[in-house]
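What follows is calculated from the coordinates using simple rules that are stated; it is not laboratory data. Just so we're clear, the structure is a prediction, and the values are computed from it rather than from any experiment. Quick reminder, even Gly has a Cβ in these numbers, built from the backbone with ideal geometry, and neighbours come from all protein chains shown.
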Amino acid sequence: MSVSTCPSESPSLLDATDRAIVLATQAGLPLVPDPWGAVGRPLGLGAEEVRARLARMQEVGIVRRIAAVPNHYRLGYVANGMTVWDVDDARIVRLGREVATLPGVSHCYRRPRHLPDWPYNLFAMLHGHTREEVERQAEALRALLGEACRDHRILYSSRILKKTGLRLAGRPGAGRKPEPRR
């Protein structure tokens, strides 16, 4: 389970308690029955306060998402292909939303083209047990895009990179327990 922060938000929007919660969760939530309580105990907070503070940070855009981040390699999904698509700009928003709901798609986003060398504007990460499985998924995606798609490629992963989200820089005292409220 991971908590991702938004780089565009100013860290000054965080009070000491919020900052301590972000620092405690940015490497992942503990895999225990009560993760919010486990995060809160060292900070002198209850589980509900941790949840409420994270929800508020999400509402104002400091925290982008709280999500499970499975290790797909350990689950046997060893064929990973970033599919890139040249899709009609007038239809990319609707089609991108549809692509994002397909089984096997873990990431789907729009990116600017860099012509003449890079005509692709829609990216979708596909995971499968084999390359053939990824190619079947890509064919289903191609069928969904229909005539709005002019070209596509599958770029397969060649190595595993360490994946982490944005991290707050530690400051002196950043890891200390916030003063209890009186």
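One way to sum up the overall shape of segment 1-153 is the equivalent ellipsoid from its Cα gyration tensor, whose semi-axes run 37, 20, 12 Å, largest first.
So how do 15-27, 41-53, 94-106 stack up, highest first, on mean other-Cβ count within 10 Å?
The peptides rank, most packed first, as 15-27, 41-53, 94-106.
How many angstrom separate the Cα center of segment 35-73 from the Cα center of segment 103-139? So the two Cα centres are separated by 30 Å. Multiplying the residue separation of Ser106 and Arg41 by 0.36 nm and removing their Cα-Cα distance gives an extension gain of 20.1 nm.
A convex hull fitted to the Cα coordinates of segment 79-156 yields 76 cubic angstrom per residue.
If you wrap a convex hull around the alpha carbons of segment 29-116, what volume per residue comes out, as a whole number of Å³?
Values: hull volume 15.4 nm³, N = 88.
Here the figure is 175 Å³ per residue.
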